[in-house]
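Colleague: Below you'll find the structure I mean.
The values are calculated or read from the model by the stated rules, or taken from the named source; none is laboratory data. Fair warning: this is a prediction, and the values are worked out from it, not measured in the lab. Don't worry about glycine lacking a Cβ; one is built from the backbone with ideal geometry, like all the others, and counts go over all protein chains shown. All accessible areas refer to the heavy atoms of the entire protein, side chains included, with ligands and DNA or RNA removed. Shrake-Rupley method; radii C 1.70, N 1.55, O 1.52, S 1.80 Å.
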Amino acid sequence: MSNREPLRQRLRAGLTALKLDLDDSTVERQLDYVELLLRWNAAYNLTAVRDPGEMITRHLLDSLAVLPHVSGTSLADLGTGAGIPGIPLALARPELEVQLVDSNGKKARFLREAVRHLKLARVRVVESRVEAVEGEFDCITARAFATLADMLGWAGHLLKPEGRWLALKGRFPQDELDALPSGFVIEAVHRLEVPGLDAERHLVIIKRSQDLAAAGTHS
């Protein structure tokens with residue numbers, strides 16, 4: 001990107017609209033990520049979004065819109081693809097321990113290069129199907145990955161007893177909410193207003209039901 005200024009202005013305007021305050025260094029590292037993604041995308045086809053300005057909106061701001069809902073000290077981003085929303089969130093919250101999970105080899109290669117290039121010391125790339133991932137996390141993110149029932153069926157074991165699952169959806173997913181598996185409850189559904197994005201976005205926050213959470217604390 002020969003001229004970052006228009007992208008910088010677009011990102012800053014979006015952050016202002018989202019009421020997020022990121023320092024200058026973090027803003028530049030977010031732009032570094034977009035620049036790296038643009039370079040790799042030419043050969044690896046990591047995302048259908050080709051325009052850098054659209055990447056600001058559809059990748060950075062769409063990811064950072066959930067930042068106020070990220071809690072705890074550990075996060076797993078399932079089906080992360082090119083690192084969305086995991087990398088923008090890790091850049092904004094450098095104290096977070098983050099695992100980026102994807103089974104696609106070429107995407108995992110890009111993720112490892114992004115972690116190295118961006119010096120994300122607390123971020124780990126896990127090239128694996130989500131069913132095989134181990135550990136427990138305070139926060140789990142998943143963006144357009146699968147239905148809520150499938151996600152929780154495959155990876156519900158990764159959520160700590162008091163953790164929160166942040167599922168990023170487009171339209172209000174009523175059918176998926178109705179089919180939520182036992183052991184989990186909906187804490188909230190937020191409509192997200194992503195600056196510059198003319199599409200519906202909803203964040204579904206899921207937690208373990210109290211009975212299951214209590215059992216987990218005694219196991």
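Colleague: By how many degrees, between 0 and 90 and to the nearest 10, does the Cα long axis of helix 24-44 differ from the longest principal axis of the chain?
Modeller: Once rounded, one gets 90 degrees.
Colleague: While we're here: How much of the calculated P(r) for the range 1-104 lies past 17 Å, in percent of all Cα pairs?
Modeller: The calculated P(r) of the range 1-104 puts 50 percent of pairs beyond 17 Å.
Colleague: Restricting to bridges with both residues inside the range 121-219, how much of the DSSP beta-bridge set is antiparallel, in percent to the nearest 5?
Modeller: Here the share of antiparallel DSSP bridges comes out near 65 percent.
Colleague: Going highest first, how would you order 81-94, 186-199 by mean Cβ packing within 10 Å?
Modeller: The packing order, highest mean first, is 81-94, 186-199.
Colleague: Scan (1) 20.7; (2) 11.6; (3) 13.4 for the value of mean projected area of the Cα convex hull in nm² calculated from this model and give just the label.
Modeller: (2)
Colleague: Follow-up. How much length would be gained if the chain were fully extended between residue 116 and residue 174, taking 0.36 nm per residue of separation minus their Cα-Cα distance, in nm to one decimal?
Modeller: Separation in residues times 0.36 nm, less the Cα-Cα distance, equals 16.9 nm.
Colleague: Can you compute the label reach from residue 199? Point 7 Å from Cα along the Cβ direction, backbone N cut-off under 17 Å, restricted to the range 32-75.
Modeller: What the label zone holds, given the 17 Å backbone N cut-off, is 46-66.
Colleague: Got the relative contact order for the range 98-185 handy, in percent, Cα pairs under 8 Å and 6 or more residues apart?
Modeller: 26 percent.
Colleague: Still on this structure: Label 7 Å along Cα→Cβ of residue 129; the range 47-82 residues with amide nitrogen under 18 Å?
Modeller: The answer is 78-81.
Colleague: For the range 46-115, which GluC sites (Glu not before Pro) are in a loop by DSSP, counting at most 11 other Cβ atoms within 10 Å?
Modeller: 95
Colleague: Further question on the same structure: Using Cα positions and a limit of under 21 Å, work out the lysines in reach of residue 207, with same-chain residues fewer than 8 apart set aside.
Modeller: 160, 169
Colleague: For a test of the definition: using alpha carbon positions, the gyration tensor, and the 1.5 limit on a/c, classify the range 114-219 as rounded, prolate or oblate.
Modeller: oblate
Colleague: While we're looking at this one, here's another question. Tilt of helix 5-17 relative to the longest C-alpha principal axis of the chain, in degrees (0 to 90, nearest 10)?
Modeller: It works out to around 30 degrees.
Colleague: Give the relative contact order (percent, whole number) for the chain; include only Cα pairs under 8 Å separated by 6+ residues.
Modeller: In percent, rounded to a whole number, it is 17.
Colleague: Need one number: nm distance between label points at residue 106 and residue 12, each 7 Å from Cα along Cα→Cβ, rounded to one decimal.
Modeller: Between residue 106 and residue 12, the label points sit 3.6 nm apart.
Colleague: At 0.36 nm per residue, minus the direct Cα-Cα distance, what do residue 162 and residue 149 gain on full extension? Give it in nm, one decimal, please.
Modeller: So the chain would gain 2.8 nm between residue 162 and residue 149.
Colleague: For helix 105-117, report the angle its Cα long axis makes with the longest principal axis of the Cα atoms of the chain; keep it between 0 and 90° and round to the nearest 10°.
Modeller: With both axes taken from Cα atoms, the answer is about 60 degrees.
Colleague: On to the next question. Under a 1.4 angstrom probe, counting protein chains only, how are 109, 58 ranked by accessible area, largest first?
Modeller: Heavy-atom accessible area, descending, gives 109, 58.
Colleague: Continuing with this model, one more query. Between beta-carbons, use under 11 Å as the cut-off and find the net charge around residue 200, counting Lys and Arg +1, Asp and Glu -1.
Modeller: Cβ neighbours under 11 Å give a net charge of +2.
Colleague: Considering only DSSP beta bridges with both partners in the chain, what is the antiparallel share in %, to the nearest 5?
Modeller: Expressed as a percentage, antiparallel bridges in the chain total about 40.
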